[in-house]
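Have a look at the structure below, then the notes.
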């Protein structure tokens with residue numbers, strides 16, 4: 001049994017205030033899905049956007065799958081995300097507010113075997129919000145340490 005795929009955007013919770021979360025499918029080629037299953041992908045530089053009522057992800061890096069030779073797609077390209085119409089309309093409505101963006105959070109393989117991605121409509125945090133989060137995190141750690149002793 002192989003290890004579970006766990007490709008995360010670790011900076012997302014620190015840099016953004018997450019408002020709504022969605023799970024979408026990713027339209028991939030054969031060699032790309034094999035690379036994702038081998039955890040050879042990154043979403044740190046990626047972002048999502050709407051075009052013609054379709055959701056796309058840009059900047060997602062998926063490494064080449066060596067046995068595929070000439071069948072490999074480019075490492076970084078736009079990939080279509082698969083959401084239902086109601087979810088896309090809800091995101092479109094939310095994106096009319098200024099200062100919101102759509103960011104990828106996590107890529108995983110669902111129990112059905114398909115590659116899925118968690119995305120969120122988010123608002124960027126200000127520096128003072130980030131400081132408050134760090135203080136709260138330190139306080140939680142201190143309380144945990146005190147409870148263990």
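Every read-out reported here was derived from the displayed coordinates using simple, explicitly stated rules and does not represent laboratory data. No experiment lies behind these values; they were computed from the predicted model shown. Note that each Cβ is placed from the backbone with ideal geometry, even for glycine, and that neighbours are counted across all protein chains shown.
Which order results if 114, 108 are arranged by neighbouring Cβ count within 10 Å, fewest first?
Sorted ascending by nearby Cβ count, the order is 114, 108.
Which of 55, 95, 127 has the fewest other C-beta atoms within 10 Å, and how do the rest follow up to the most?
Details: 55 22, 95 14, 127 7.
Final ranking by Cβ density, sparse to dense: 127, 95, 55.
From the helices alone, meaning DSSP H stretches of at least four residues, give me the mean residue ellipticity at 222 nm for the chain, per-run term -39500 (n - 2.57), in deg cm²/dmol to the nearest 500. The partial results should precede the final answer.
Working: 4 runs with 45 residues, N = 149.
Result for the chain: -9000 deg cm²/dmol, rounded to the nearest 500.
Under the Kirkwood approximation for Rh and a Cα-based Rg, what ratio Rg/Rh is obtained for the chain?
Details: Rg = 17.8 Å, Rh = 17.0 Å.
Result for the chain is an Rg/Rh of 1.04.
Would you mind computing Rg(Cα) / (2.2 N^0.38 Å) for segment 1-56, counting N as its residues?
Details: Rg = 13.5 Å, N = 56, 2.2 N^0.38 = 10.2 Å.
Compactness ratio reported: 1.33.
Counting other beta carbons within 10 Å of each residue's own, what order do 128, 61 fall into, fewest first?
Numbers: 128 8, 61 16.
Least to most surrounded, the residues fall as 128, 61.
Test of understanding: what is the full-extension gain from residue 8 to residue 54, defined as 0.36 nm times their sequence separation minus their Cα-Cα distance? Show your work: numbers first, answer last.
Values: separation 46, 0.36 × 46 = 16.56 nm, distance 2.31 nm.
Full-extension gain reported as 14.3 nm.
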